1. Among the residues of region 356-410, which ones are surrounded by fewer than 16 Cβ atoms within 10 Å (Cβ to Cβ) and of a type in the set (Lys, Arg)?
2. If the Cβ limit is 8 Å and pairs must be 6+ apart or interchain, which residue in region 525-536 that is free of Cβ contacts under 8 Å to residues at least 60 places away in the same chain and closer than 16 Å to Glu578 by Cα pairs with which residue that is outside any loop (DSSP other than H, G, I, E, B) and open to solvent by 30 Å² or more (accessible area, probe 1.4 Å)?
3. How about region 529-542: which of its residues are under 23 Å from the mean Cα position of the chain (by Cα) and modelled with pLDDT under 95?
4. Among the residues of region 296-342, what is the count of those that are surrounded by fewer than 17 Cβ atoms within 10 Å (Cβ to Cβ) and either more than 30 Å from Gly357 (Cα to Cα) or without any contact (Cβ under 8 Å) to a residue 24 or more places away in the chain (or both)?
5. What do you reckon, is Ile141 at pLDDT 90 or above, more than 24 Å from Tyr310 (Cα to Cα), open to solvent by less than 10 Å² (accessible area, probe 1.4 Å) and among the β-branched types (Val, Ile, Thr)?
6. Considering each of Phe50, Phe67 in turn, give the residue that is within 18 Å of Glu611 (Cα to Cα) and either modelled with pLDDT under 90 or open to solvent by less than 30 Å² (accessible area, probe 1.4 Å) (or both).
7. For region 66-123, name all the residues that are aromatic (Phe, Trp, Tyr) and part of a strand (DSSP E or B).
8. Under the condition of being polar (S, T, N, Q) and in contact with a Gly (Cβ under 7 Å, 6 or more places away or on another chain), which residue from region 332-379 is nearest to Asp470 (Cα to Cα)?
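The values are calculated or read from the model by the stated rules, or taken from the named source; none is laboratory data. All figures in this text were calculated on a predicted structure; none of them were measured in a lab. Glycine gets a Cβ as well: all are built from the backbone with ideal geometry, and neighbour counts include every protein chain shown. Heads up: the accessible areas ignore ligands, DNA and RNA and are worked out on the full protein's heavy atoms, side chains in. Shrake-Rupley method; radii C 1.70, N 1.55, O 1.52, S 1.80 Å.
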Amino acid sequence: MRTFNNLLLLILLSTYLYGEQKSDQYFDMSLEELMNIEVSGITRQESNSFKATSAIFVITSDEIRRFGATSIPEILQMVPGFNVGRLTSNMWAINARGGADRQSRDLLVMIDGRNVYSPTVNNVYWDHIDTLLEDIDKVEIIRGPGSSLWGSNAANGIVNIVTKNTKNTKGFLGYAQAATEHLNYDFGARFGIVEENYSAKLYAKKIQLDESEYPSDSQQSNSGRFNEGDKAHDGKTLSLIGFRTDILYNNNTNLMINAEFTSVDTQEVKISSFSEKEVEIKQDGAYIISVLDMKHSRDIKSKLQMYIDYYKRKDIDFEDKRTIYDIDFQNEIKNDNLTTLWGIGYRLVEHKTQHQGNTFAFALDPKDEDLDYLSGFLNFDYKMFNDKLLLTLGSKYEDNPYTHTEFMPNARVGFYPNDKNTIWASFSKTTSTPSRVLEDAYLDMSFITDPTTCASYGGYIDPTLGCINDLGSDNSKSSHMYVYELGYRVQLNKQLTIDQTLYHNDYKDHNDETSKLNYIRGYEVSVNYFPREDLRFYGFYSFQDSEQKKSASANLENDIPENTFGLRASYDFTLQHEFDIFYRYVSTVNDIDPINQLNIRFGYKPNKYLETSLLLSNLLDGDHVESNTDSLRANSYIQRSALIKLTFRY
């Protein structure tokens, strides 16, 4: 709260000192420009988003700024078909087209093409993923499968965060923000230089989240474990520093190099059948990535991407270290009406673990293991009837350490009667492969030496490890899903566009890490209405229906929201004064109350250097629960808050 008050005083003083000066524009993009924005990272080739034969959704940098997001998960609240819930102050449950939990196992997440999905535990560590949000150029999202291009575990959706080329980050940018709840402080800075064929930037940020409060008994992940209103153990501190450069060679070759180090300290409460344990988690990560884009001729392009990614996560029970070496090459060849896209990739994962103690401690056997992944894909786009019809056929081949050979085929068709209408349909097969945890996990109970006592805890005496309880599964096959989609995208006039999708996910061959569902089917619609240059409306609605297998041990249908609705509006009173409002409704999940989220933002730009804003969040419901789907972690209240932000550019 002290940080909030100090920042408020600084904003008032800065606004007074700089005075008022006109800005130069209302919004960054018109409706037609927004609907025809180019996407490339998520489709592996330059594609027009309006003519895409998949459920593509793009969030621009200006939309992120006006939404007032302070983290990547918050940005995804704007996406139709996404189930986004905040478990604690630092933990999120996110998925597309299905129930959400903190693992996000069927959602592939990338930053500039670098895969941040953990292959060793098959999840996304949302509390570790961050970047300077001011330098995000756009977020490309596919609702639905992307396995034919990106491989296993891209089953329900893909999120690719695209950061700005450093030629667009010249000069100094600094910001500071604080809130009355959750966000204690967040500040960052970036300095960039631009020369004729070379540009670079250095950036850093630091963020601290406050502890929240425990909810009522009926809304806790495990009811009756904590007293309502007590301070929750869910704070977080993150520090990040990075460097990026973009180099242009002879107008046909671009090289991008990016390196970053992140350190995160988080708090959480682990829950078992007989105890609750407050733990401190230390996470360190570093990566270096290079991307070489080559244009060999007007019709032939190539891309070579290489990166090394190091990650370490340690708490009182377990230490997890992995180093990933990844190389990916792709080539695009255009020949009249046929575009051929192919690529190969190799990934080596060096995984090292160490469990701390032998009293009901989680462990892996073997402790250390090297995992090899080999992949290749082939994709054909064929245009017919004067570009009125587009046929896409493709497949991804993957060889992984557990189930070995996997094929993920895909067929799509797009019909374009004119430049204002797109009708598309698709069929895809997706694959979710098992993780090391599913294969090798056990509970170390070696402090027990008596076989009878060991058996009473569900364990047995292993000749090497002593008393253990296998947590791994004999059912370590891949899960498969067949996905059928039908979409219609239309621009009715210069002010109004509508994008609709029907889908049916047919689940097959479940393993113990995937939901035991027979199917999920649903409908998604998003609407953009820009009646005036200074006024914009964005809306979405999604409906989901599911059926679980009779063998499922939990009520999985209860974890999937049937209805989700969202509405955003942005209005510029003047060239200096902005107003934004966002409302989101999510129907009942796991017997918790529906989410009724209302955020209001006021922005003020006294001149081209300075911007201030006030964001009021969760105005309709002060202390509420957004998710309690994880029975192994304590959840907490999400609280009403006021956030102020000051941004300086020069």
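1. Scanning region 356-410 gives Lys367, Lys388.
2. Leu535/Tyr571
3. Correct list: empty.
4. Residues in region 296-342 being surrounded by fewer than 17 Cβ atoms within 10 Å (Cβ to Cβ) and either more than 30 Å from Gly357 (Cα to Cα) or without any contact (Cβ under 8 Å) to a residue 24 or more places away in the chain (or both): 21 in total.
5. On the way: at pLDDT 90 or above: yes; more than 24 Å from Tyr310 (Cα to Cα): yes; open to solvent by less than 10 Å² (accessible area, probe 1.4 Å): yes; among the β-branched types (Val, Ile, Thr): yes.
So Ile141 fits the description; yes.
6. Values: Phe50 fails: within 18 Å of Glu611 (Cα to Cα).
From the options Phe50, Phe67, the qualifying one is Phe67.
7. Across region 66-123, the qualifying residues are Phe82, Trp92.
8. The qualifying residue nearest to Asp470 (Cα to Cα) is Ser375.
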